[in-house]
1. Compute for segment B:146-185: radius of gyration divided by Kirkwood radius, i.e. Rg/Rh, restricted to C-alpha atoms, rounded to two decimals.
2. Over the residues of chain B, compute the C-alpha Rg and express it relative to 2.2 N^0.38 Å.
3. Averaged over B:145-153, how many beta carbons belonging to a partner chain fall within 10 Å of each residue's beta carbon?
4. For residue A:94, put the label point 7 Å out on the Cα→Cβ axis and report which residues of segment A:18-42 keep their amide N under 20 Å from it.
5. How long are the semi-axes of the equivalent ellipsoid of the protein assembly as shown, defined as square roots of 5 times the Cα gyration tensor eigenvalues? Whole Å, largest first.
6. Provide the FRET efficiency to the nearest 0.05 for the residue B:34-residue A:72 pair, computing r from the beta carbons and using R0 = 56 Å.
7. What FRET efficiency comes out for residue B:128 versus residue A:36 if R0 is 45 angstrom and r is the Cβ-Cβ distance? Round to the nearest 0.05.
8. With viscosity set to 1.567 mPa s and temperature to 4 °C, compute the Stokes-Einstein D of segment B:49-190, Rh being the Kirkwood radius across alpha carbon pairs; µm²/s, no decimals.
C-alpha cells in the first residue's frame with residue numbers, strides 16, 4: 001500500500017505547498033502595502049500636527065509682542081493646544097491616546113480660529129464629514 | 001388655569017405671503033405686544049431671507065416691515081430674538097449665524113458667527129441674553145458669549161450627539177441648555193465647574209422612556225419645571241424636574257418622563273410650543289395644528305393631557321413651526337412648507 005501513500009497525500013501536499021507559497025508572497029506584498037499606508041498616514045498626522053504647531057508658534061509670538069492682543073479665553077485655548085501638542089506621542093502610534101488628543105486639538109483649533117475670525121486651512125486639511133449631496137432639512 | 005371647555009376655536013386672522021420658498025421657523029419679538037408696542041415676529045425661509053412682520057395697531061392686520069437679505073447664501077433654518085428684542089440671531093445652512101441689530105425698525109447685520117463646519121440648524125439665547133447657543137449638522141453645539149461691541153466669543157463646543165442636532169433651547173430661567181437630535185436623544189448641558197466647563201449632565205433617550213426617532217423640537221411651560229418634546233416617532237413627551245432644586249442652584253435637578261401623548265399624530269411632529277397659560281400647540285407633517293391641555297381625568301393612554309382641538313388643513317403642506325405670541329391675546333403663528341405664515345387667534349364662543 002506504500003505505493004499509493006504519495007497519491008493519497010497528493011492533495012494535502014499541493015495544498016501545503018500552495019499555502020506556503022501564498023503566505024510567503026502575502027508577507028512581502030502585505031509588508032509593502034503596510035509600509036505605504038504607514039507612510040501616508042504618518043505623513044498626514046505629521047502634517048496636521050506640524051500645521052497646528054506652526055499656528056500656535058505664530059500666535060505665541062504675537063502674544064509675546066503684545067500680551068493683550070487676544071482675549072484670555074483665546075490665550076487659554078492656545079495654551080491648551082500647546083500642551084496637547086507636547087503630549088502627543090509621535091513615536092508611539094499605537095498609543096490609545098492618539099485619537100483622543102487629535103480630537104481635542106481639532107476642537108481647540110476650531111474654537112481659537114472662530115474667536116479670531118480666521119479660517120486657516122491647508123491642502124488636504126481633514127474635514128470631519130464628507131460633503132454629501134443628500135436632501136437637507 | 002381656567003378650563004378650556006366647549007366650542008373653542010382656532011380662527012385664522014391672516015395668511016401672510018412673501019417668502020418664495022418653504023418657511024422654516026418663526027420667532028415672536030418678546031419685547032412687543034405690550035405698552036403700546038405693536039406685536040412683531042420674524043420668519044425665515046428656504047428663500048435665504050428673513051422677514052419681519054408687524055401688526056398694525058389700528059387695523060389689526062399684519063404687514064411685512066423688513067426683508068433681511070443678501071447676507072445668508074443658503075436656507076435660513078432658524079431665528080431667535082434676544083430677550084430685549086434688540087438683536088435677532090439667524091442660523092443658516094451656509095454654516096454661519098448672523099446677528100442683526102434692530103435700529104428703529106431697520107436691521108443691520110452686526111456680526112457673523114463662524115465655526116460650524118456646515119449647516120447651522122438651531123439658535124437660542126439664554127434668559128439674560130448673555131449667551132447664545134447654536135447647533136447643526138456637524139453634530140456639535142456651540143456656546144457663544146456676548147461681548148461688548150457686538151462681538152461674540154466661543155465659550156465651548158459641545159460634542160456628544162452622534163447625529164445632526166436639530167434644535168437648541170435654553171431653559172427659560174436657569175442657564176441650562178437643551179439640545180435635540182436625529183440620534184433620538186435630548187441632551188442637557190450645564191456649566192459644571194469654575195467656568196467654561198460645559199458638560200452633558202443628562203441624556204433623555206430611549207432607555208429612560210425617551211423618543212425612538214428624531215427629536216425635532218422642545219418647549220418649556222411658563223414655570224420652567226416641565227418640558228415637552230416632539231418627534232418623528234409620532235409622540236409628544238412631557239418631562240418634569242424638581243423646581244426647588246433647580247432654582248436653588250444646588251446641583252443639577254434631573255428631568256424625568258411624565259407621560260407620552262401618542263395616538264394623536266400619524267405623521268412627523270416638527271414643532272411644539274407651550275403657551276404661558278398651559279396650552280401645548282403642535283405642528284406636523286399632516287398639515288394640521290393640534291392643541292393639548294392638561295386634564296384632571298386620566299385618558300386612555302394614561303397621559304394627563306387631552307386634545308383640545310385639531311385644526312385640519314391648517315396649511316396646504318407640512319407645518320414646520322408653531323409659536324404662541326407674547327402679550328394679552330391668544331395668538332398663534334404657524335409657518336409651512338407651502339411658503340406661507342398664518343396668524344391664528346384662539347377664541348371661545350363667549351368672546352365672539
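1. That ratio equals 1.06.
2. Cα Rg divided by the expected 2.2 N^0.38 Å: 0.93.
3. Mean partner shielding for this stretch: 2.
4. A:27-42
5. Values for the protein assembly as shown, descending: 50, 31, 22 Å.
6. That gives a FRET efficiency of 0.90.
7. Approximately 0.20, to the nearest 0.05.
8. 84
Read-outs throughout are calculated quantities, based only on the coordinates presented, and are distinct from any laboratory measurement. Source: prediction; values computed, not measured. Note that each Cβ is placed from the backbone with ideal geometry, even for glycine, and that neighbours are counted across all protein chains shown.
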